[in-house]
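Here's the structure we're looking at; comments come further down.
The values are calculated or read from the model by the stated rules, or taken from the named source; none is laboratory data. Predicted, not measured: the structure shown is a model, and the values here were computed from it. Using ideal geometry, Cβ is built from the backbone for each residue, glycine included, and neighbour counts are taken over all protein chains shown.
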Amino acid sequence: MKIRLRGNSIRYRLDKADVELLENTGKVESITHIGAGTLHFCLRGKDISDPIIKMEHDGVHLLLPLPRLASWYAPDQVGFELILPNADGSEVTILVEKDFKCLTDRNEDESQAFDNPMAGKNC
C-alpha cells in the first residue's frame, strides 16, 4: 500500500495483493518503522453505514462500509473519494485508489500493480 499525505488529505493506493487481502480478510495495513517507534496505516471493511477515520497512538485507522468496498472491487472501478469531518470543524479528504503501473519506467517493482488503462493509448 502506498500512502501520500498532503495537507488535510490522505491518498491510499492499493496494488492487486492489497486489494485481494482487503477483500478476503477485511483488512490491509502498512507499518513503517521510524527509530524506536512505528507509523501504522490500516484500512478495514466494517458493517457500518458511514466511513470513520481515527487517529490512534500508533497511526491512522480508516473504517469503510462493506457495500462501498464491494462496489470498488469491480475491475472497472478505479477509486473513490471521501470527505470526513474532524473534531475541530475541519475536514480530511481521503482517496482510495487502485495502484496502476506507471507509463514510464521508474525502476520499481510493479509486478502487483494494476494495468494502466492509458497504456498503449496516444495521450
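Determine if region 54-67 includes at least one residue that is in contact with a helix residue (DSSP H, G or I) (Cβ under 8 Å, 6 or more places away or on another chain), over 15 Å from V92 (Cα atoms) and of a type in the set (A, V, I, L, M, F, W, C). Checked against the condition, which is being in contact with a helix residue (DSSP H, G or I) (Cβ under 8 Å, 6 or more places away or on another chain), over 15 Å from V92 (Cα atoms) and of a type in the set (A, V, I, L, M, F, W, C), region 54-67 yields no hits at all. Does L21 count as more than 14 Å from E97 (Cα to Cα) and free of Cβ contacts under 8 Å to residues at least 60 places away in the same chain? In short, yes. Checking V60 against (1) surrounded by 17 or more Cβ atoms within 10 Å (Cβ to Cβ); (2) touching a Ser or Thr at 6+ places or on another chain (Cβ under 6 Å): exactly one of these is not met. Which one? Status for V60: all satisfied but (2). Considering region 88-100, the residues that are within 25 Å of E20 (Cα to Cα) and assigned to a strand (DSSP E or B) include one that is nearest to the chain's Cα centre (by Cα), namely V96. Taking the conditions (1) surrounded by 13 or more Cβ atoms within 10 Å (Cβ to Cβ); (2) modelled with pLDDT under 95; (3) under 27 Å from D88 (Cα atoms) in turn, L43 satisfies each one other than (2).
Hey, any hits in region 15-22 for a residue that's modelled with pLDDT under 95, surrounded by fewer than 13 Cβ atoms within 10 Å (Cβ to Cβ) and either in contact with a helix residue (DSSP H, G or I) (Cβ under 9 Å, 6 or more places away or on another chain) or farther than 24 Å from Q77 by Cβ (or both)? Checked against the condition, which is being modelled with pLDDT under 95, surrounded by fewer than 13 Cβ atoms within 10 Å (Cβ to Cβ) and either in contact with a helix residue (DSSP H, G or I) (Cβ under 9 Å, 6 or more places away or on another chain) or farther than 24 Å from Q77 by Cβ (or both), region 15-22 yields no hits at all. Consider region 73-83 and keep the residues that are modelled with pLDDT of 90 or more and surrounded by 14 or more Cβ atoms within 10 Å (Cβ to Cβ). The one that is farthest from the chain's Cα centre (by Cα) is L82. Going residue by residue through region 3-18, is there one that turns out to be assigned to a loop (DSSP other than H, G, I, E, B) and farther than 23 Å from E108 by Cβ? Checking region 3-18: at least one residue is assigned to a loop (DSSP other than H, G, I, E, B) and farther than 23 Å from E108 by Cβ. Pick from region 19-30 the residues that are assigned to a helix (DSSP H, G or I) and either β-branched (V, I, T) or within 22 Å of S90 (Cβ to Cβ) (or both): which of them is farthest from the chain's Cα centre (by Cα)? Looking at residues that are assigned to a helix (DSSP H, G or I) and either β-branched (V, I, T) or within 22 Å of S90 (Cβ to Cβ) (or both), I get T25.
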